[in-house]
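Q: Below is a structure I'd like to ask you about.
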Amino acid sequence: MGKAQNKTTENDASVEEFLAGVKDEQKKADCLELKAMMEKVTNTPAKMWGTSIVGFDQYHYKYDSGREGDFMKVGFSPRAQNVTVYIMPGFERYPELMGNLGKHKTGKSCLYIKKLDDVDREVLEELVQGSYDYMTKKYG
């Protein structure tokens, strides 16, 4: 039995072309703003992960099951209903930031935002910075 591969991997597709193809103008503007903010926070260029995620930096994980792979430390994706921001360590370590963020929903490591104007941009940047720093400290 071979090792399970993560389907979402970093690739050389153009982030600029991908974002230029976002039809909704507000969502496109929000994504360009997120890209600039995450490049600043991570000090790394944006890369495509799979066909629809813009990710920054990467880490190597290995589970007890033996499954291992590489994934982005932070990222985002323009989805039909919202922009999804990937906060890999989840949200339980950031209760104060989450309380001050504004209008959003969360999944396990996904932050769903309809538009950036719904949230406090400084709080969002702090959240991204905290997540990135945690992942860098934990995984290098």
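The values are calculated or read from the model by the stated rules, or taken from the named source; none is laboratory data. As the structure is a prediction and not an experimental result, all values here were calculated from the model. Neighbour counts are summed over all protein chains in view; Cβ atoms, including those assigned to glycine, are modelled from backbone coordinates with ideal geometry. Ligands, DNA and RNA are stripped out before the accessible areas are found, and what is left, the full protein with its side chains, is counted by its heavy atoms. Shrake-Rupley method; radii C 1.70, N 1.55, O 1.52, S 1.80 Å.
Q: Once you list every other residue whose beta carbon is under 15 Å from the beta carbon of residue 137, what net charge do they have if Lys and Arg are +1 and Asp and Glu are -1?
A: +1
Q: Now for a different question. Please give the per residue accessible area of the chain, computed with a probe of 1.4 Å over protein heavy atoms only, in Å². If you can, show how the numbers build up before the last one.
A: Numbers: 8070 Å² over 140 residues.
Accessible area per residue: 58 Å².
Q: Let me ask something else. Direction-averaged shadow area of the convex hull around the Cα atoms of the chain, nm²?
A: Dividing the Cα hull surface by four gives the mean projection, 8.8 nm².
Q: For a quick check of understanding: with a 1.4 angstrom probe and all protein chains in place, what accessible area in square angstrom does residue 37 have, to the nearest ten?
A: Accessible area, nearest 10 Å²: 30 Å².
Q: Which net charge results for the neighbourhood of residue 25, defined as the other residues with beta-carbon distances under 13 angstrom from its beta-carbon, given Lys and Arg at +1 and Asp and Glu at -1?
A: +1
Q: Accessible area of the chain with a 1.4 Å probe: how many percent of it is carbon plus sulfur?
A: 49
Q: Moving on. Find, among the chymotrypsin sites (Phe, Trp or Tyr not before Pro) in segment 37-140, those assigned to loop by DSSP (not H, G, I, E, B) with at most 16 other beta-carbon atoms within 10 angstrom.
A: 63
Q: Computed over the Cα atoms, what is the radius of gyration of segment 79-139 divided by 2.2 N^0.38 Å, N being its residue count?
A: 1.06
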